[in-house]
Amino acid sequence: MRVDFYSEVLTLSTSMTVILPQRTSSQIGMSGGATAGDPPVLYLLHGLTDDDTIWLRRTSIERYVAPLGLAVVMPQVARSFYTDEAHGNRYWTFLSEELPQLCHSFFRISQRREDTFVAGLSMGGYGAVKWALRDPGRFAAAATLSGALDLAHRRQHPTHPINPEVWHTVFGGRTIAGTDDDTIALLDRVGEEDAERPALYVACGTEDFLYEDNQHFVAAARERGVPLTVDFSPGDHDWGYWDTKIQDVLAWLPLPGASRA
């Protein structure tokens, strides 16, 4: 379903796309599953040039999650890097505070940490990791596909053209390194013994322009004793890769008691 609503944080009308589980047995070529209680939820984040509809339009995410009994929430955050912008709007506050509250008021979905997950691609992969590391008590697992996981290094040494107006709007003159917008610095918050450490999954194609960023992040996590699942395999920054890898993410998620029929 496409949900149009007003955001008090953004002070504007916006939208999100939501998939809710439905138990079915008579659909041709597909069955739907559902859990006994409130269903688990995956917050699925879009990339820089996209919006909340893109996962439905570029992949078969609805078909992939149907047997899992998993709700999927896909918000819209423009080109914000899931950040309270220096010269724009408060998209981090919207994502991390207002959006979950609204979803729980609109839909019957679980609020338990063990039932809550986040994933995304490119800019959304960055947002997923940042959200999970800044709020580890919310998520059981987080996955990034081709994520922009080393923004501090990328801002200083750009290897792929990103409109400088985006950097100015989002970060202004702010330093990224060592802040809450630096995913590598955030790894210091979740050590090996942290009981609330979310499981992390990092996938990136070896031909992707963000491959080096992902290598940096993985190396930094391992240096700090933060375990994670890594999938570096042939692939580029495109939907063919992401459509395949989101299926691997869904198979990896620790879904508690989800029905497959």
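The values are calculated or read from the model by the stated rules, or taken from the named source; none is laboratory data. Here the structure is a predicted model, which means the values were calculated and not measured. Cβ atoms come from the backbone with ideal geometry, glycine included; neighbour counts cover every protein chain shown.
Looking only at segment 202-240, which residues are surrounded by 19 or more Cβ atoms within 10 Å (Cβ to Cβ) and in contact with a Pro (Cβ under 9 Å, 6 or more places away or on another chain)? Across segment 202-240, the qualifying residues are Gly205, Ala221.
If you scan segment 188-201, which residues turn out to be among the aliphatic types (A, V, I, L, M), assigned to a loop (DSSP other than H, G, I, E, B) and either surrounded by 13 or more Cβ atoms within 10 Å (Cβ to Cβ) or touching an Asp or Glu at 6+ places or on another chain (Cβ under 8 Å) (or both)? Please lay out each step first, then the result.
Going residue by residue through segment 188-201, those that are among the aliphatic types (A, V, I, L, M) are 190, 195, 199-200.
Narrowing further to those that are assigned to a loop (DSSP other than H, G, I, E, B): 190, 195.
Val190, the sole residue that qualifies.
Within segment 242-261, residues that are surrounded by 14 or more Cβ atoms within 10 Å (Cβ to Cβ) have Cβ atoms under 8 Å from residues that are among the charged types (D, E, K, R) and at pLDDT 95 or above in these pairs: Trp242/Arg58; Asp243/Arg58; Lys245/Asp231; Asp248/Asp231, counting only partners at least 6 apart in sequence or on another chain. If we keep just the residues of segment 196-209 that are modelled with pLDDT of 95 or more and over 22 Å from Ala251 (Cα atoms), which is farthest from the chain's Cα centre (by Cα)? The extreme case among them is Glu207. Has segment 61-79 got at least one residue that is closer than 26 Å to Val226 by Cβ, small (Gly, Ala, Ser) and either within 12 Å of the chain's Cα centre (by Cα) or at pLDDT below 95 (or both)? No, segment 61-79 contains no residue that is closer than 26 Å to Val226 by Cβ, small (Gly, Ala, Ser) and either within 12 Å of the chain's Cα centre (by Cα) or at pLDDT below 95 (or both). Among the conditions (1) without any contact (Cβ under 8 Å) to a residue 40 or more places away in the chain; (2) touching a strand residue (DSSP E or B) at 6+ places or on another chain (Cβ under 6 Å); (3) more than 14 Å from Trp131 (Cα to Cα), the only one that Ala66 does not satisfy is (1).
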